[in-house]
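The values are calculated or read from the model by the stated rules, or taken from the named source; none is laboratory data. Note that the structure is a prediction, hence the values are computed from the model and not measured. Because the Cβ atoms are built from the backbone with ideal geometry, glycine has one as well, and the counts that use them run over all protein chains shown.
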Amino acid sequence: MTGQTPLSDTPPWKVSALTLFPDMFPGVLGQSLAGKALQAGIWSLEVTDIRSFGVGVHKKVDDPPFGGGPGMVMRPDVMAAAIDQAAKTMPADTTRIYLSPRGKPMDQALVRDLSQASGVMLICGRYEGLDQRVIEQAELVEVSIGDYVLSGGEIAAQVLIDAVVRLLPGVMGNSDAHQQDSFEDGLLEHPLYTHPRQWAGTAVPDILLSGDHGRIADWRHNQAKAITRERRQDLWQKWCLSQDMNKNID
Ligand code: ADE
């Protein structure tokens, strides 16, 4: 287990990660905000080495796919034993996520939900993936971090952990900052400016120096809408629909 005794009474947000490469954890999460939060006991990490549940003298964890095809498939008996072991230290209702390019896309709503739970179990696959029977039997929720294929689930798991940990109370100094995050209100975030006021022949927009917080908020909201409409038609359509629905409710 990595992490220290919590400084507050709040129990840590518990991560149980299952992997063939335990040394990959905490990885980048040992640094910066997430690393400090781990040290402070705001979250904890337990890593299960899937290899130790492998079968035979060679601790075999994979076999070729039935029906033929390239690569290897992670065996259900090995995975089930690893999951059962890891589950012993987690509450019974812990969500079990299998990181997979075939999963439902991770978004800020999922991240927020997970940050409000007591923790999460993250199953990192390698090779071609897990035998379908263990996905179903262990009720794994398949989650993808994007439409591209990584060489394993570890980096995807760390992306998910990072996104959740920054939402945990006490991790970011100013918790209001989350309300401004991209996606929190369904739009991408507005552009940001800081000193110097003039840089490379370009000035900071006057409105941001006006001190008129109402007009600044309107300007930012309009910028957020314009950027979202230009870059992300999918989010823009959803946002427009949500505005229409709110109008109908009022
Ligand atoms: N494992 C391999 N590719 C992945 C992806 N895009 N998302 C989550 N897990 C993965």
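List of remarks:
- Looking across the stretch 17-47, the residues that are aromatic (Phe, Trp, Tyr) and within 17 Å of the chain's Cα centre (by Cα) come down to Phe25, Trp43.
- Looking only at residues of the stretch 133-157 that are assigned to a strand (DSSP E or B) and near the ligand (Cβ under 9 Å from one of its atoms), we find that the one that is farthest from the chain's Cα centre (by Cα) is Glu142.
- Filter result for Arg166 (basic (Lys, Arg), farther than 26 Å from Pro26 by Cβ and more than 16 Å from the ligand (Cβ to nearest atom)): no
- Across the stretch 92-114, the qualifying residues are those that are touching a strand residue (DSSP E or B) at 6+ places or on another chain (Cβ under 8 Å), in a loop (DSSP other than H, G, I, E, B) and free of Cβ contacts under 8 Å to residues at least 60 places away in the same chain, and the one among them that is nearest to the ligand (Cβ to nearest atom) is Met106.
- Restricting the first member to the stretch 115-143 and to residues that are modelled with pLDDT under 95, and the second to residues that are acidic (Asp, Glu) and not in a strand (DSSP E or B), the beta-carbon pairs closer than 9 Å and six or more apart or on different chains are Arg126/Glu154.
- Residue that is surrounded by the fewest Cβ atoms within 10 Å (Cβ to Cβ) [pool: residues in the stretch 175-224 that are in a loop (DSSP other than H, G, I, E, B) and among the aromatic types (Phe, Trp, Tyr)]: Tyr193
Per-residue answers, yes or no, for (1) out of contact with any helix residue (DSSP H, G or I) (no Cβ under 7 Å at 6 or more places or on another chain); (2) surrounded by 13 or more Cβ atoms within 10 Å (Cβ to Cβ):
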| position | (1), (2) |
| --- | --- |
| Val47 | no, yes |
| Arg51 | yes, yes |
| Gly54 | no, yes |
| Lys60 | yes, yes |
| Phe66 | yes, no |
| Met72 | yes, yes |
| Ala80 | no, yes |
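- Leu187 touching a residue at least 40 places away in the same chain (Cβ under 8 Å), more than 16 Å from the ligand (Cβ to nearest atom) and in the same structural domain as Asn222 (by TED's automatic domain parsing): yes
- One residue from Leu192, Leu235, Leu208 being aliphatic (A, V, I, L, M) and closer than 21 Å to Arg112 by Cβ: Leu235
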